[in-house]
Amino acid sequence: MTDLTTPDDCTAKQTLHPLEFVVEHLIRSANAISKTNRLALNDALNATLSQDVSSTINVPPADNSAVDGYALKREDWLEGKPLLVSQRIPAGSVASSLEAGTVARIFTGASIPQGADCVVMQENTKVLVNERVIILQRPTLHDNIRPLGQDIKQGNTLLKKGQSLSPQRLGLAASIGLSHISTICSPRVAILSTGDELIEPGQPCNPGKIYNSNRYLLNGLLQSLGMEVIDLGVIEDKLDSTVQALEKASACADVILTTGGASVGEEDYIQCAIKQLGSIDFWRVAIKPGKPFMFGRVGETPVLGLPGNPGAVFVTFLMLARPFLLSMQGCSEIKVSPYSMPLGFDIRNPGKRREFLRVRIDANGVLQRHPNQSSGMLSSTSWAEGLAVIHEHSQPQAGDMVDYFPLTSLINKPSS
Ligand code: AMP
Ligand code: MG
């Protein structure tokens with residue numbers, strides 16, 4: 001990609017790379033995992049299909065009743081005429097052919113007996129003694145019959161390679177009798193947090209320390225996408241420790257995600273370490289929050305260097321790491337289309353970077369932003385229902401339509 005330049009040295013300041021170019025570059029750089037795995041359906045939630053799935057059967061496999069009632073041949077009906085109930089067909093049983101001039105007691109899901117062409121709901125009948133029943137209303141042909149193959153036709157392709165297995169799709173696979181399904185192995189994603197100030201939750205937070213929230217944020221985001229997480233803990237702010245940690249990560253993972261240390265401060269070593277072990281494709285993206293994002297390689301292993309500020313980790317994961325990781329996972333449904341929603345406030349000044357505001361839809365159906373949009377804040381991400389996009393150099397005012405991504409469609413595995 002010609003637009004993306006590599007820093008000449010570890011501390012070189014680069015121009016900001018436009019978001020679209022960066023996402024395109026990331027998707028093109030992601031090598032899909034080729035290993036496949038046959039999984040039991042209950043273990044396959046969020047996995048990606050490695051091949052199309054076709055049905056070898058019709059669903060339902062036979063015409064069956066949609067109600068509890070009586071099956072009959074419509075022309076046997078006469079107003080007020082008692083009809084003999086000649087058989088009883090509960091769901092799961094095999095029906096005999098219907099005797100001419102009689103009806104069959106039938107239950108929801110039971111097969112329609114040969115010779116019957118409609119089912120009357122039990123509410124529209126009057127049961128007499130001596131196994132007889134009067135059908136109170138004139139039945140209509142095919143009434144209350146669910147025809148064979150109404151849901152799925154034999155031979156139809158139901159699911160496509162690259163689709164994610166949502167609960168609905170697992171149910172669909174089960175409905176055609178599959179107990180196992182062929183999936184693409186999840187990428188093994190190593191996560192590393194950097195920062196001497198970090199302390200783990202559960203430990204006392206001594207002066208100078210802060211709790212490591214990124215580690216747990218990333219773990220959750222990755223699990224939501226069905227990734228295999230290899231949590232390699234915290235790297236101290238030293239070049240040799242960073243180099244060692246990245247080497248170790250590249251030996252056991254398909255991709256590495258780091259947080260923090262991605263800028264060019266004296267205590268930021270990610271960029272230098274990646275350069276020692278491999279190369280950097282680009283650093284710094286024109287988004288807010290999340291500018292110091294970098295992408296490179298340690299040997300053959302791709303590294304996504306996320307910023308340290310937790311709010312920026314959240315946004316860069318969803319907008320940059322997510323499409324990369326889903327591409328590695330062989331996922332065909334990467335792009336999330338934004339909704340158009342009215343803004344509930346004015347943007348004071350146009351920015352140079354594309355801004356992702358943490359917002360909610362209020363009772364009037366307009367977007368309201370969290371009052372503190374600082375990249376260091378996680379409370380705004382927990383409060384938000386979505387991200388509103390303010391394009392660079394634009395200054396939308398209250399009532400103007402902007403792009404809006406619901407967080408559910410970014411955080412969860414795609415299923416459409
Ligand atoms: P850095 O990019 O390393 O300079 O970090 C930027 C900011 O993010 C600093 O205030 C860090 O303390 C904070 N930070 C970095 N890593 C984490 C983490 N894992 N959890 C919470 N905050 C972090
Ligand atoms: Mg740091």
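The values are calculated or read from the model by the stated rules, or taken from the named source; none is laboratory data. Only a predicted model underlies this, so the values are computations on that prediction, with no experimental measurement involved. Because the Cβ atoms are built from the backbone with ideal geometry, glycine has one as well, and the counts that use them run over all protein chains shown. Accessible surface areas use protein heavy atoms only, side chains included; no ligands, DNA or RNA. Shrake-Rupley method; radii C 1.70, N 1.55, O 1.52, S 1.80 Å.
Being buried (at least 18 other Cβ atoms within 10 Å of the Cβ), more than 28 Å from the chain's Cα centre (by Cα) and in contact (Cβ under 8 Å) with a residue 12 or more places away in the chain narrows it down to one residue among A104, A100, A30; which is it?
A104
What do you reckon, is E333 under 24 Å from the mean Cα position of the chain (by Cα), acidic (D, E) and under 22 Å from I27 (Cβ atoms)?
Spelling it out, E333 is indeed under 24 Å from the mean Cα position of the chain (by Cα), acidic (D, E) and under 22 Å from I27 (Cβ atoms).
Can you tell me which condition S340 does not meet? The list is (1) open to solvent by 30 Å² or more (accessible area, probe 1.4 Å); (2) touching a residue at least 24 places away in the same chain (Cβ under 8 Å); (3) assigned to a loop (DSSP other than H, G, I, E, B), and all the others hold.
Going through (1) open to solvent by 30 Å² or more (accessible area, probe 1.4 Å); (2) touching a residue at least 24 places away in the same chain (Cβ under 8 Å); (3) assigned to a loop (DSSP other than H, G, I, E, B) one by one, S340 breaks only (3).
Looking only at the range 13-27, which residues are open to solvent by less than 90 Å² (accessible area, probe 1.4 Å), out of contact with any helix residue (DSSP H, G or I) (no Cβ under 9 Å at 6 or more places or on another chain) and part of a helix (DSSP H, G or I)? Write out each step before concluding.
Restricting attention to the range 13-27, the residues satisfying the condition of being open to solvent by less than 90 Å² (accessible area, probe 1.4 Å) are 14, 16-19, 21-23, 25-27.
Adding the requirement that they be out of contact with any helix residue (DSSP H, G or I) (no Cβ under 9 Å at 6 or more places or on another chain) leaves 14, 16, 18, 21, 25.
Correct list: F21, H25.
Given the criteria touching a residue at least 24 places away in the same chain (Cβ under 8 Å), within 25 Å of the chain's Cα centre (by Cα), farther than 20 Å from L16 by Cβ and not assigned by TED's automatic domain parsing to the domain that holds Q271, does A398 qualify?
The answer is no for A398.
What's the number of the condition C185 fails, among (1) open to solvent by less than 40 Å² (accessible area, probe 1.4 Å); (2) in contact with a Lys or Arg (Cβ under 8 Å, 6 or more places away or on another chain); (3) within 16 Å of ligand 2 (Cβ to nearest atom)?
With (1) open to solvent by less than 40 Å² (accessible area, probe 1.4 Å); (2) in contact with a Lys or Arg (Cβ under 8 Å, 6 or more places away or on another chain); (3) within 16 Å of ligand 2 (Cβ to nearest atom) applied to C185, the lone miss is (3).
Scan the range 192-232 residue by residue and report those that are β-branched (V, I, T) and near ligand 1 (Cβ under 10 Å from one of its atoms).
T194, I199, I210, listed by residue number.
Report every pair of residues separated by at least 6 positions or lying on different chains whose Cβ atoms are under 7 Å apart, first residue within the range 198-227 and at positive phi, second within 13 Å of ligand 1 (Cβ to nearest atom).
So the pair list comes out as G208/E197.
Considering only residues that are touching a residue at least 24 places away in the same chain (Cβ under 8 Å), part of a loop (DSSP other than H, G, I, E, B), within 17 Å of E75 (Cα to Cα) and in contact with a strand residue (DSSP E or B) (Cβ under 9 Å, 6 or more places away or on another chain), which ones fall in the range 116-142?
A116, D117, P139, T140, L141, H142, listed by residue number.
Test Q163 against the criterion of being in the same structural domain as L49 (by TED's automatic domain parsing) and either in contact with a strand residue (DSSP E or B) (Cβ under 6 Å, 6 or more places away or on another chain) or more than 30 Å from N412 (Cβ to Cβ) (or both), and give yes or no.
Spelling it out, Q163 is indeed in the same structural domain as L49 (by TED's automatic domain parsing) and either in contact with a strand residue (DSSP E or B) (Cβ under 6 Å, 6 or more places away or on another chain) or more than 30 Å from N412 (Cβ to Cβ) (or both).
Counting only residues that are in contact with a Gly (Cβ under 6 Å, 6 or more places away or on another chain) and closer than 17 Å to H25 by Cβ, how many does the range 279-292 have?
The first filter runs over the range 279-292 and keeps only residues in contact with a Gly (Cβ under 6 Å, 6 or more places away or on another chain), leaving 279-281, 289.
Those left that are additionally closer than 17 Å to H25 by Cβ: 279-281.
Residues flagged as in contact with a Gly (Cβ under 6 Å, 6 or more places away or on another chain) and closer than 17 Å to H25 by Cβ within the range 279-292 amount to 3.
Would you tally the residues in the range 325-382 being polar (S, T, N, Q) and closer than 21 Å to A312 by Cβ?
Adding up the residues that qualify gives 9.
Here are some conditions: (1) under 19 Å from L217 (Cα atoms); (2) open to solvent by 70 Å² or more (accessible area, probe 1.4 Å). S374 meets all but one. Which one does it not meet?
Only one criterion in (1) under 19 Å from L217 (Cα atoms); (2) open to solvent by 70 Å² or more (accessible area, probe 1.4 Å) is unmet by S374, namely (2).
Against the condition farther than 29 Å from G226 by Cβ, modelled with pLDDT of 95 or more and either open to solvent by 60 Å² or more (accessible area, probe 1.4 Å) or assigned to a helix (DSSP H, G or I) (or both), how does R360 come out, does it pass? Steps first, please.
Working: farther than 29 Å from G226 by Cβ: no; modelled with pLDDT of 95 or more: yes; either open to solvent by 60 Å² or more (accessible area, probe 1.4 Å) or assigned to a helix (DSSP H, G or I) (or both): yes.
Here the answer is no, as R360 does not meet what is asked.
Kindly indicate the residue of the range 69-85 that is open to solvent by 20 Å² or more (accessible area, probe 1.4 Å) and in contact with a Lys or Arg (Cβ under 9 Å, 6 or more places away or on another chain) and also nearest to T108 (Cα to Cα) among those meeting that condition.
V85
Of the residues L217, L178, only one is among the aliphatic types (A, V, I, L, M) and open to solvent by less than 40 Å² (accessible area, probe 1.4 Å); which? Steps first, please.
Working: L178 fails: open to solvent by less than 40 Å² (accessible area, probe 1.4 Å).
On inspection, the qualifying residue turns out to be L217.
Restricted to the range 220-234, and to residues that are within 17 Å of S164 (Cβ to Cβ) and of a type outside the set (S, T, N, Q), which residue is surrounded by the most Cβ atoms within 10 Å (Cβ to Cβ)?
The residue in question is M227.
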